[in-house]
1. Residues in the stretch 15-25: is at least one over 16 Å from the mean Cα position of the chain (by Cα) and either under 18 Å from V123 (Cα atoms) or without any contact (Cβ under 8 Å) to a residue 12 or more places away in the chain (or both)?
2. Before we move on, is S88 more than 17 Å from A23 (Cα to Cα) and either in contact with a Gly (Cβ under 9 Å, 6 or more places away or on another chain) or among the aromatic types (F, W, Y) (or both)?
3. If you check every pair at least six apart or on different chains, which have Cβ atoms under 6 Å apart with a residue in the stretch 47-76 that is surrounded by 14 or more Cβ atoms within 10 Å (Cβ to Cβ) first and a residue that is charged (D, E, K, R) second?
4. Restricting to the stretch 1-39, and then to whatever is among the hydroxyl-bearing types (S, T, Y) and either touching a His at 6+ places or on another chain (Cβ under 9 Å) or over 16 Å from M111 (Cβ atoms) (or both), can you tell me which residue is surrounded by the most Cβ atoms within 10 Å (Cβ to Cβ)?
5. When you go through M40, M93 one by one, which is the residue that is farther than 21 Å from R115 by Cα and in contact with a strand residue (DSSP E or B) (Cβ under 6 Å, 6 or more places away or on another chain)?
6. State the number of residues belonging to the stretch 112-134 that are charged (D, E, K, R), part of a strand (DSSP E or B) and at pLDDT below 95.
7. Are any residues in the stretch 87-126 touching a residue at least 60 places away in the same chain (Cβ under 8 Å) and aromatic (F, W, Y), and if so, which ones?
8. Could you check A104 against (1) surrounded by 16 or more Cβ atoms within 10 Å (Cβ to Cβ); (2) in contact with a strand residue (DSSP E or B) (Cβ under 9 Å, 6 or more places away or on another chain); (3) farther than 28 Å from K4 by Cα and say which number it fails?
Amino acid sequence: MTSKNEATDALLAADAAWLKAYASKDAAKAVSFFDEHGSMLVPHTPIVTGRAAIADFITRGFALRNYKIAWHPDKVDVAASGELGYTSGVYEMSFTDAGGGTAADKGKYLMVWRRQQNGQWKVLFDTSNSDLPASPPR
């Protein structure tokens, strides 16, 4: 049995490895961090569930010109059972829009992780919301 400190360290390591996959725009690697029943709950988008749908969503994001995303966990915990854990913190994202301007967002996130039979942590839910005000209706 793993200690709570070892479990939280492993969870933070998985989170950091996932960010590295995003930074390198490796869609297949980024998707591999999701549980087979994983979901993304992102602003202004219907829920994205399952690896195929998540792969499509991530690939479209990586295709945006000058796409960049980073997140920084400031909280991490693992349930006493050792089966579930979470990371939460802040993120920043930007890309060049169709008009050549920079589209940017920043906010907070919560990722719920499930430990797999092999001990690896996989994302069950990835949710985020912006700190920026909503755009007025046009």
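1. Within the stretch 15-25, none of the residues are over 16 Å from the mean Cα position of the chain (by Cα) and either under 18 Å from V123 (Cα atoms) or without any contact (Cβ under 8 Å) to a residue 12 or more places away in the chain (or both).
2. Criteria not met by S88.
3. The qualifying pairs are F62/K25; P73/D15.
4. T2
5. Numbers: M40 fails: farther than 21 Å from R115 by Cα.
Checking each option against the conditions leaves just M93.
6. If we filter the stretch 112-134 for residues that are charged (D, E, K, R), which is where we start, we get 114-115, 122, 126, 131.
With the extra rule that they be part of a strand (DSSP E or B), the set shrinks to 114-115, 122, 126.
Restricting the remaining residues to those that are at pLDDT below 95 gives none.
Of the residues in that region, 0 qualify.
7. Result: W113, W121, F125.
8. Among (1) surrounded by 16 or more Cβ atoms within 10 Å (Cβ to Cβ); (2) in contact with a strand residue (DSSP E or B) (Cβ under 9 Å, 6 or more places away or on another chain); (3) farther than 28 Å from K4 by Cα, the lone unmet condition for A104 is (1).
The values are calculated or read from the model by the stated rules, or taken from the named source; none is laboratory data. This one's a predicted model, so the numbers in the text were calculated from it and none came from an experiment. Ideal geometry is used to build each Cβ from the backbone, glycine not excepted, and the neighbour counts take in all protein chains shown.
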